[in-house]
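Written below as structure tokens is the structure these notes are about.
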Amino acid sequence: MNTQLLVEALARDAQFHMIESPSDKAAVLDLVEREKPQVVVISAKLGEDNAGGLDLLRGLRSQSPSPRVIMLLDASERTAVIEAFRAGAQGVFCRTEPFRLLAKCIQCVDAGQVWASSTELQFVLEALTRPAMSHLRSNGASLLSTREIDVVRCLAEGLSNREIAQRLKLTEHTVKNYLFRIFDKLGVSSRVEVVLYALGGGAPLPAKASSSGGRSRSVSLVPRKPQ
């Protein structure tokens, strides 16, 4: 019922083409493969398994092309937010947020941006400071230089270019050069994407969306299984 209400409400916006989906993982993967929606909105609690949404998200990320995914959360809790982004979500939306923001969330994610509140993003940044970022090294070879990893750690703490320069005893110009190289090596284009790349264990982020030129966005909603 919740999904039907969401579909009906979002369908009033002409820019969205809604595809209602079953809650069975295999059926969802098949539907996404067939319809190729640009954005998929799924509940973290899918089916009888509280982690069903995360499993489905990982399955969606393995598809090519991989759709952008928004995870619906019952509450904006630290663990749920971190797990969603770690699994590959491009946005998280809490059911307690005003519904009008969901359309904006879909628009932002469709445009290649990350959707999260400042508090949710802080959860991600704090989590990122804990691991050793070993996934930025592959087969003994470093994807990033030691100095570039130092810069990523500073980004995870939310430091500005000036603050990074002061901590690492560099000039701001040098910090900017490091950031350009990091963006190029990781295939990202923003500081937030660098953080999410590192948090996600090195999973590549999807390419930026081109201008829609007035086209409707294809959005798939995956419901929770009724209790």
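Please treat every number below as a calculation from the coordinates, not as lab data. Quantities reported herein were computed from a predicted structural model and do not represent experimental measurements. With ideal geometry, Cβ positions are generated from the backbone for all residues, glycine too; neighbour counts draw on all protein chains shown.
For LEU60, LEU144, what's the fewest-to-most ordering of other Cβ within 10 Å of each Cβ?
Ordered by Cβ neighbours within 10 Å, fewest first: LEU144, LEU60.
Assigning unit charges at the beta carbon (Lys, Arg +1; Asp, Glu -1) and nothing else, what dipole magnitude in debye, to the nearest 20, does region 63-106 show about its Cα centre?
With Lys and Arg at +1 and Asp and Glu at -1, about 160 debye.
Tell me which aspartates and glutamates have Cα within less than 18 Å of LYS45's Cα, excluding those fewer than 8 residues away on the same chain?
GLU20, ASP24, ASP55, ASP74, GLU77, GLU83, GLU97
Would you mind ranking VAL32, VAL40 so that the residue whose beta carbon has the fewest other beta carbons within 10 Å leads the list?
With the sparsest Cβ surroundings first, the list reads VAL32, VAL40.
Based only on other Cβ atoms within 10 Å, what is the fewest-to-most ordering of HIS17, HIS173?
Details: HIS17 16, HIS173 10.
So the residues, fewest neighbours to most, are HIS173, HIS17.
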